[in-house]
Every structure is written in C-alpha cells, then in structure tokens.
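What follows is a short report on a single structure.
The values are calculated or read from the model by the stated rules, or taken from the named source; none is laboratory data. Just so you know, these numbers come straight off a predicted model, no measurement behind them. Because the Cβ atoms are built from the backbone with ideal geometry, glycine has one as well, and the counts that use them run over all protein chains shown. Ligands, DNA and RNA are stripped out before the accessible areas are found, and what is left, the full protein with its side chains, is counted by its heavy atoms. Shrake-Rupley method; radii C 1.70, N 1.55, O 1.52, S 1.80 Å.
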Amino acid sequence: MTVNTEKSREAWTLVARSDDVAEGGRQVIELGNDVQIGLFRFKGKLYAYENLCPHQSGPACQGRMVDGVRERIEEGGRSAGLAFDKDDPHIVCPWHGFEYRLTTGEHAGVPSIRLRGFGVREEGGDIHVAL
Amino acid sequence: MTTTHQPKPLPTQEITTRTHTADILANARRDTDRYGLDKVFICDVDSHHAELNSWKDIISYVEDPVLRDIAQQMMIHRPQAGQLALSNYKAGLALQDAGARIPHQSGLAESVPDTGDARDVELVRRAMDAMSIDVQVVFPQPMLEIGLHPEKGIAVQLMKAYNRWFVENVLPKDPRIKTMLGLPFEDPQASLETIREFGDHPDVLGFLVTSQRHAGVHRNEYMPLYAELEERGLPIGFHAGPTWEDSMTSTMNRFLSVHAMSFVTCNMTHLTNWIVNGIPERFPRLKTIWIESGLAWLPFMMQRLDHEYLMRQSEAPLLRRLPSDYMRQMYYTSQPIEITDMALLESTFNAMNAKDTLLYSSDWPHWDFDVPGRIMGIPFLDEQAKLNILGGNARKVFDL
Ligand code: FES
C-alpha cells in the first residue's frame, strides 16, 4: 500500500486502478466536478497533482515527463556540461515550460511555486485520492 | 470515508505537436468562464501563423522570375528545402521549443480538414475560439526574421510575395483575421508601394518593420513612408525579433539569454533613434506600436533617455518635451508581460500610462504566449483599464 498524504481527513475518492499507472508513467483523470488530476508513479510510489499550473492555468500534468537537468561543475568551478538526473523526474507544463519535480510538485528552481498536491492511497488494486 | 465519482481518463494524456489546439488551450476556457470573457471585446494585436506550410504557394508569388525559379528548383532538388527555400531560417531558432518541452512552439501539426484553404486559417480560428478572441492580428513566423536576411534583394522579393499571398489567401477567409503587413524595409520605394497597394484593404490595419537591426529608422529615405502612413491614419509597428547574431548575443550560450535580451535591444535601438531624431514631432499624428518586447524595458528607457536628453539637448533639437512624454504617446503590446514582481509591474503600468497605451497580445502559438486571463488577473487594474487593454485601446488605434 502506498500512502502519501497529510490530508487523510479528506474524502477518499476512487480515481483509477493500479494497472492504469505504470512505473514511470501517468494517468490524467477528469473527475466529475471540473477537477482534473494527474497520477504519476515513480520508484513504486504514487503522486497526485491538480492539472492546473499556477503560472497561467496550463495543463501541467499533460506535459512531457523528462528528467531534471543538472550542470556538472568540476573542481575549480569549470563546467563539465549538462546531464540528466534520473532520480529527479520533472513534469513540464506544456504551455510555457515551467518544470515541476514529480516527487514534490515544486517548481524545480523556485519551490514556492508548486502544483496543488493530493494524498494518494493504493489498496487492493485501487487508487484513491484525498480530495 | 470513501466516495465514488466517475473518474474518466482524459483522451489526451500527453500534449504533443499533434494535439488539437482546443485541447492544448482547454484550460483557457476556465478564464473565459471566471471572468466572463465571452462578453468582453478582445483584440489580440500579435499572433502568428506558420507560413512554412504554404511555402510553395508563397514562392509562386515571387515576382522576380529568376529568383522564383531558383526557389522552385531548390524545393524539388534539395532535401528539406520545401518549406525553406530562399528563407533565412536560423538553426538557433529551433531551440525555442526547449527540446519539445513546449510543443506548440514546434509547429502545430494537428490534423485539419482539407477545405482547400490554407491550413493556417483553421488553426487561427481554433486559437481565437479557445481564447475568446474577437479580432486577431496575425503575423507570419519565419518571415518576421526578414530584416535579418543577408541578401536584401531576396528579402524584398519574399516580403512582397508573402504579403500578396496573405492578402489573397488568408484575409478573405475569416472576418476576424486582420494583419499589419511587413514592409520590405530594405527598399524604401518598395515599402511605399506596399503601403499604397494594401493601405486601403479593410483587413490591413497597419504596417510593420520586422526584426530589422541594421537600418536607422530616422534615415531620410524613410520619411515618405511615415508621411504616407500618417496621412492614411495607419499605425506603424515595430515587431522585434531575436537573433544570435547581435554582437552582444553572440557571446551567449543559452537560448534563454538570447531571448531575454535580443528582442528588447532591437526595439530599444529603434525607439531611441525614433525619439532622439524627433520623428514624433515631424509626424505628430503617426501612431506607433512597439511589439513583443514585454514592458520591463520601458521605465528603464524613460529614465535613461530623459536623463541623457537634459544634458545634451543640442543633439536632439527637435524635441519639445521629455523623451518619456513621447513614449507615453505611443502604444505597446503586452506580451510577454513580466509578472514576477507586482510592485514593479504596477510602477511600469503607471509610468507608461498602460490603461491608455497597452494593447493585449497573445503571441500564440509561440512558447511564451499569454492568455487574455493574464490581464484580467492583474490585481491593481480597475475594470475599465482591463477592458481598455484587452480591446478598447486597440479599437481606437485601429479604428475597429
Ligand atoms: S501555465 Fe504552466 S508554464 Fe505557464
């Protein structure tokens, strides 16, 4: 079971089956009340965010998933170029490119900008989200 | 407690270059509902279509038979020349989509029914519908780089061909589509002819100087253009463009840096020449629009030029007021509006008298576009100022 929530007092809503969200994959879901959420699975753990970018309301969860970029700095401050960080996948809002860390929902450069996250519970092949 | 909704996976799980514009911009509908934008007159003063899809047709409008043949042969015999023959497409611009992270910048590749119209007509309509836009001023994309073409004669021929193609094949297709046509600025006579040929067209709202870096806009040979535009009551727009080849940007290693600086310095240069040489005094009724450089540069320029002018008045003897006073009599498009510090933005709006001088623009489908809700969400603007910026000011500038 995956429990990832500080909001466990909220209503749990059945949103998907476990099979719907593969490792490294996602499922973006429309709920009945005009709320869309993106479910993501990374290293076995599930994450849920509202599909609404704090920048200009873009559909962040429908963007490209791409590993975060690091700049490798050698001793003496020389740059050894760019590299992907496989432990820090990002969701990229397709409207203007804001990148959010999949594991926290925070903007990769300015963490005070963040996607609205929801608690997730996975049990018996069902995925519930705390709304 | 467990409740059961009817969760449905979205049909579009990942937005790509092939996604329908309505799906990419679906969330813009939220702004429409929240702010009642369906009831607001919205004029988008800067948006684009991808003329590369129609390049073969555009080339057929090139007047010079030798150049036309060269281009047509290129399209037959050179791989990938089909959309680029004769153009000045720069490899660096392909970095705009941030490695396909921002897919609509890469060229909207969604399917469009074959109606016989240029596919861009349908794409423009889809964007207008998604953003509740009533009138959209549409410009080309790569053709805006025409001011950077290394061969002036080709630049002039291409601009003329594109203009004729656009007026014949796009403008008649939808009454909501308007344009400001680019001038073949390297050739002042051809520019004058362009204004005379299309200046009476009801959907041609004005004329543009595009991405031009190397012409002093105050040179005497351009005065007949400005006089003609003033006489006709048509505005002149300066649409900035980016290049990696400004001496300053040539040191830069990231597109972010080039994009941040190159548009702005392009317009800064022309605006400085425009004011210091007293063009607003010579043509007081000529309406001038500065397009696509955001707004943050304006307070800087106001302070900088006022400061210099007071000490060196004899170098700008035509001026009767401070440079910033002339700047407040010109117009500016909003995109990309720099909303990162609300206090700075408010000062900028005050400095430029934005409620009367700012014109909403989306710049769709470019990577840094702004939806109309961007303006509605600015907390320090009153309702009237928002309506002015979204469409009221444009109504006045363009006599809509
Ligand atoms: S709306 Fe998401 S990056 Fe702008």
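A count restricted to the stretch A:82-102 and to residues that are more than 16 Å from the ligand (Cβ to nearest atom) and on the phi > 0 side of the Ramachandran plot stands at 0.
Just one of the numbered conditions (1) open to solvent by less than 20 Å² (accessible area, probe 1.4 Å); (2) within 14 Å of chain A (Cβ to nearest Cβ); (3) in a helix (DSSP H, G or I) is not true of residue B:110: (3). Among the residues of the stretch B:147-169, those identified as in contact with a helix residue (DSSP H, G or I) (Cβ under 9 Å, 6 or more places away or on another chain) and surrounded by fewer than 22 Cβ atoms within 10 Å (Cβ to Cβ) are B:148, B:149, B:153, B:154, B:164, B:165, B:167, B:169.
Is it the case, given these coordinates, that residue A:79 is within 10 Å of chain B (Cβ to nearest Cβ), hydroxyl-bearing (Ser, Thr, Tyr) and within 16 Å of the ligand (Cβ to nearest atom)? Considered against the rule, which asks whether it is within 10 Å of chain B (Cβ to nearest Cβ), hydroxyl-bearing (Ser, Thr, Tyr) and within 16 Å of the ligand (Cβ to nearest atom), residue A:79 comes out as no.
Restricting attention to the stretch B:229-258, the residues that are in a helix (DSSP H, G or I), within 22 Å of the chain's Cα centre (by Cα) and within 24 Å of residue B:179 (Cβ to Cβ) total 3.
Evaluating residue A:96 against the criteria (1) assigned to a helix (DSSP H, G or I); (2) buried (at least 18 other Cβ atoms within 10 Å of the Cβ); (3) not hydrophobic (A, V, I, L, M, F, W, C) leaves one unmet condition, (1).
Just one of the listed residues (B:207, B:255, B:283) is free of Cβ contacts under 8 Å to residues at least 40 places away in the same chain and of a type in the set (Phe, Trp, Tyr), and it is B:207. Being open to solvent by less than 10 Å² (accessible area, probe 1.4 Å), part of a strand (DSSP E or B), more than 9 Å from every other protein chain (Cβ to nearest Cβ) and over 22 Å from residue B:103 (Cα atoms) is the filter here, so list the residues in the stretch A:13-53 that pass it. Across the stretch A:13-53, the qualifying residues are A:46, A:48. Regarding the stretch A:63-74, can at least one residue be identified that is within 16 Å of the chain's Cα centre (by Cα), small (Gly, Ala, Ser), within 13 Å of the ligand (Cβ to nearest atom) and in a loop (DSSP other than H, G, I, E, B)? Within the stretch A:63-74, one or more residues are within 16 Å of the chain's Cα centre (by Cα), small (Gly, Ala, Ser), within 13 Å of the ligand (Cβ to nearest atom) and in a loop (DSSP other than H, G, I, E, B).
Number of residues in the stretch B:75-107 that are part of a helix (DSSP H, G or I), within 30 Å of residue A:84 (Cβ to Cβ) and open to solvent by less than 40 Å² (accessible area, probe 1.4 Å) equals 7. For the stretch A:54-68, filtered to residues that are closer than 22 Å to residue A:85 by Cβ and open to solvent by less than 20 Å² (accessible area, probe 1.4 Å), the residue that is farthest from the other protein chains (Cβ to nearest Cβ) is A:68. Filtering the stretch B:1-35 to residues that are open to solvent by 30 Å² or more (accessible area, probe 1.4 Å) and more than 8 Å from chain A (Cβ to nearest Cβ) leaves B:11, B:16, B:17, B:18, B:20, B:22, B:23, B:29, B:33, B:34, B:35. Pairs meeting the criteria (first residue in the stretch B:287-310 and aromatic (Phe, Trp, Tyr), second residue crowded, with 18+ Cβ neighbours inside 10 Å, beta carbons under 6 Å, at least 6 apart or on different chains) are B:290/B:238; B:290/B:267; B:290/B:332; B:297/B:264; B:309/B:323.
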